[in-house]
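Below is one structure; the comments refer to it alone.
Nothing in this text is a laboratory measurement; each read-out follows from the coordinates by a stated rule. This structure is a prediction, so every number in the text was calculated from the model and none was measured. Using ideal geometry, Cβ is built from the backbone for each residue, glycine included, and neighbour counts are taken over all protein chains shown.
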Amino acid sequence: MKAAVVECPGVLKIKDISEPAVGEHDLLVKVRTASICNATDNHIYNGTFRGGHDFYPQVLGHEVHGEVIACGPGVRDAPLGQRVVFYTDRGGFCEYTTLDTTSLPWARIPDSLSAEESPLCEMFHGALLHTVYPSGLQAGEKVAVIGQGPLGLVVTQCLKATAPCTVGAVDFQAFRLAKAKELGADQTYCRAELSASEIVSRMTDEMGPVDLAVVCTDTNQSADEDVYEFAIRLLRPRGRLTGLTVAVKGAGHRVSVGRLFEKHILMRRRLQDVYSTNPSEKVAQERVVFQRGVDWVAQGKINLRAMITHRLRLAEVGHGLELCRSKPGETIKVVLDIPG
């Protein structure tokens with residue numbers, strides 16, 4: 001089968017590889033479309049990712065949509081013949097891939113969702129399951145979302161779909177802030193035009209004390225203000241801090257522990273407080289939340305189609321990665337059509 005393989009950092013090839021074997025608890029999926037994760041896929045390509053994708057060679061991609069064509073004998077509630085979306089650590093920019101249903105959730109794609117928007121639903125895995133759902137969001141709260149790349153834009157929409165709240169969006173790119181406004185943000189703040197102190201002051205004046213700060217960026221974009229320190233400054237006393245970042249080699253943060261203590265900031269990132277510690281129960285719970293996000297798209301509560309800026313073929317994946325790296329002012333999500 002055709003696959004986009006990172007053979008070593010900086011070397012990406014479209015090549016023929018063997019189709020994956022199907023394990024006892026696996027789904028075998030014919031990939032129809034996949035989308036580029038602007039941060040993770042580029043960090044893997046550059047050799048700067050730290051953690052589960054830190055090996056070579058590997059099939060790139062993890063935001064996957066396709067049709068289930070076979071299931072292992074141990075799969076329960078098998079969605080054979082149905083369209084699904086999921087995160088996979090086994091590679092997604094290929095004709096066929098597999099998912100271990102005992103360790104990762106999947107969601108059914110309703111017939112109303114197009115092939116091009118469906119792989120973007122994978123972002124609910126990070127934006128909803130790991131971020132908004134565990135945040136303890138309450139109706140009427142004020143939320144600051146720092147970073148309006150793809151993850152931040154989905155977080156902004158998930159917050160609005162979860163409970164009535166006021167969202168202030170922060171980013172360096174005016175293009176992405178305009179998109180955030182289109183997708184439901186109440187206020188936007190451009191970090192390229194305003195200092196951190198000015199944003200803290202304006203957000204407090206315009207929205208009121210911030211109850212929850214969500215960090216949606218993998219690296220610091222400003223030399224004068226650590227992104228987490230900035231989030232703590234935005235929060236009211238006894239506010240909550242959460243977010244989801246990409247594991248990047250060499251990345252570090254300069255956070256004042258004293259300020260955390262002084263303001264009694266609560267970290268809302270302990271997933272074991274939300275999901276079961278039993279692996280099978282945890283995956284079942286995650287599937288329910290994952291499906292909720294996908295259903296929000298079908299119901300018109302979340303607009304993923306508006307985030308798609310480029311549509312490419314599998315053979316053009318290198319160009320797609322370059323767009324994400326070098327043109328953040330015009331690139332949000334790149335969708336790949338997978339042949340076969």
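Remarks
- In loop segments of region 250-340 as defined by DSSP, the GluC sites (Glu not before Pro) with at most 13 further C-beta atoms inside 10 Å of their C-beta are E330.
- Remark: the R76-H264 segment gains 63.3 nm on full extension, using 0.36 nm per residue and subtracting the alpha carbon distance.
- For region 69-123, the equivalent ellipsoid derived from the Cα gyration tensor has semi-axes of 18, 14, 11 Å, listed largest first.
- Scanning residues 5 or more positions from R32 or on other chains, those with amide H under 5 Å from its amide H are H65, G66, E67, with H placed 1.01 Å from N in the peptide plane.
- Backbone N under 13 Å from the E24 label point (7 Å along Cα→Cβ), restricted to region 67-82: 72-76
- Scanning the chain for DSSP H helices at least 15 Å long along the axis (C-alpha atoms) with a Kyte-Doolittle mean no lower than 0.5 picks out 150-162.
- Region 137-267 - convex hull of alpha carbons, volume per residue in Å³: 100
- I69-R305 FRET efficiency (beta carbon distance; Förster radius 22 Å; 0.05 resolution): 0.25
- Rg then Dmax, both in Å and based on the Cα atoms of the chain: 19.7, 58.
- For the chain, the 222 nm mean residue ellipticity estimated from helices alone, with every DSSP H stretch of n ≥ 4 adding -39500 (n - 2.57) and the total spread over all residues, rounds to -7500 deg cm²/dmol.
- Only aspartates and glutamates eight or more places from K13 in sequence, or on another chain, were considered; those with a Cα closer than 13 Å are E316.
- Neighbour counts of C-beta atoms inside 10 Å place K181, K13, K142, K333 in the sequence K13, K181, K142, K333, starting with the fewest.
- Using only side-chain charges placed at the Cβ, +1 for Lys and Arg and -1 for Asp and Glu, the dipole size of region 137-267 relative to its Cα centre rounds to 280 debye.
- Around the Cα centre of the chain, unit charges on the Cβ atoms of Lys, Arg, Asp and Glu (plus for the first two, minus for the last two) sum to a dipole of about 460 debye.
- The simple spin-label model puts a point 7 Å past each Cα toward its Cβ; for A247 and V11 those points are separated by 2.5 nm.
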